[in-house]
Amino acid sequence: MQHAAAAADPNAEIREEVRKLCGRFPGEYWRKLDAERRYPSDFVAALTEAGYLSVLIPEEYGGSGLSLSSAAAILETIQEEGCNGAACHAQMYIMGAILRHGSPAQKQQYLPAIASGALRLQAFGVTEPTSGTDTTALRTFARREGDEFVVNGQKIWTSRAEHSDLMLLLARTTPRDQVTKKTEGLSVFIVDMRTALGNGLTIRPIRTMMNHNSCEVFFDNMRVPAENLIGKLDGGFRVILDGMNAERLLIAAECVGDAKWFTRKSVGYANDRHIFGRAIGQNQGIQFPIARAYAQMRAAELMVREGCRKFESGENCGPEANMAKMLAAEASWAAAEAAVQTHGGFGFAEEYDIERKFRETRLYQVAPISTNLILSYLAEHVLGLPRSY
Ligand SMILES: Cc1cc2nc3c(=O)[nH]c(=O)nc-3n(C[C@H](O)[C@H](O)[C@H](O)COP(=O)(O)OP(=O)(O)OC[C@H]3O[C@@H](n4cnc5c(N)ncnc54)[C@H](O)[C@@H]3O)c2cc1C
């Protein structure tokens, strides 16, 4: 199946290598983990060892200093091969907060260790149960006490918290009623979860419809050294915002990969399965949903590329990053839906992996940002319509 002009793809070699690595982690591996809700430690170790999770870290800090397009190609290929990058994709981009806003000492302290895999920074504590999408309404508070901050509050949906050494935490440092703009008064901290666990930090896993290792996290007088503040005090919202475009483009690339996987499975099955004496793929009722999802995927793929191009040339890629995320999440869902329908009853059988990937790819219309909020962003910031909330 023709997806893109492979010869013109500067990441063709990376894709080929990632494909080989993924070949060591077949559907059976993921099915077993899914049933037991376990973390894919071997898969993540293999990616770490091959250096794929540190591609966005500059060479001077021990990474390979590759482009966002290369990172997107890695994640897309992981999904296209039926694996699940959600177990570790955040290791690629959360470190961007330190890279862009950390002090020289913080960069030296963390980035080389993250690049080598000695330290995992893949827990991102933003969402709270009562604030949800309304980030600035979060309640977790960090109060300064001498050389430390004392943190109280709760986060929810902190993915991979049990499999991360560090957490990037967004907390209020000035109450909302004492700031002129609600985006002020928030600060970002690096929390060393290894020492905090049991010392004010409690992690409680949430069982979800797919194997995602997401958790609730509770802070009860958890102490964080003041030197772990990233960027300016009360200026944390900017730190988080600055990382969002890269995150959205990378998640969009994963959805493109998912869509490619589903489409490959659908085409294969539709050609092989004979009912009424002919391949089911001969029926337009089977062909059209697959073809439509394919067209949606290709459009999303182009938007991911355009977003990456703008990001890499330092232009504002906010609209493209948001559109790419929305279009790609919708394309992967359309491809997933077509795959279930094409496979008939077998779409529900675990051994075909369709139902597992179907559950996994549904997430991306909700997290890390829901489709409604992307539409609101486009309406307000791109089209000039009134703010709706
Ligand atoms: C498996 C999983 C992993 C996650 N991982 C992380 C993580 O690692 N770190 C982290 O910080 N967060 C994480 N999240 C949280 C995720 O980012 C949020 O779930 C998401 O942003 C939506 O917030 P919410 O669930 O509170 O929904 P709400 O904000 O309660 O919204 C519910 C619904 O209402 C809609 N809505 C709300 N306001 C408006 C409006 N003004 N206009 C139109 N529609 C509106 C939303 O679009 C949504 O459909 C994760 C979530 C899940 C499910």
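Of note:
- Gyration tensor verdict on the stretch 251-389 (Cα atoms; rounded if a/c is under 1.5, prolate if a/b is larger than b/c, oblate otherwise): prolate
- Three-way shape label, the chain, alpha-carbon gyration tensor, a/c 1.5: prolate
- Here the simple spin-label model places points 7 Å from the Cα toward Cβ, and for Ser67 and Thr202 these points are separated by 4.9 nm.
- Alpha-carbon centroid distance for the pair the stretch 274-323 / the stretch 194-231, whole angstrom: 37 Å
- Residue among Leu250, Leu229, Leu53 with the largest mean-square fluctuation in a Gaussian network model of the chain, springs linking Cα atoms under 10 Å: Leu229
- Considering only alpha-carbon pairs that sit under 8 angstrom and 6 or more positions apart, the relative contact order computed for the chain is 15 percent.
- Prolate/oblate/rounded label for the stretch 108-236 (Cα gyration tensor, a/c 1.5): oblate
- Here the sum of -39500 (n - 2.57) over DSSP H runs of 4 or more residues, divided by the residues of the chain, equals -15000 deg cm²/dmol at 222 nm, to the nearest 500.
- Two-site FRET efficiency, Thr174 against Arg298, from Cβ-Cβ distance with R₀ of 35 Å, rounded to 0.05: 0.15
- A run of the chain free of exposed loop cleavage sites, with trypsin sites (Lys or Arg not before Pro) counted only in DSSP states other than H, G, I, E and B and at most 13 other beta carbons within 10 Å, reaches its longest extent at 233-386.
- Among beta bridges identified by DSSP and lying wholly in the chain, the antiparallel ones come to about 80 percent.
Readers should treat all values here as calculations from the given coordinates under stated rules, not as data from a laboratory. None of the values given here were measured: they were computed from a predicted structure. Neighbour counts run over all protein chains shown; Cβ positions are idealised from the backbone, glycine included.
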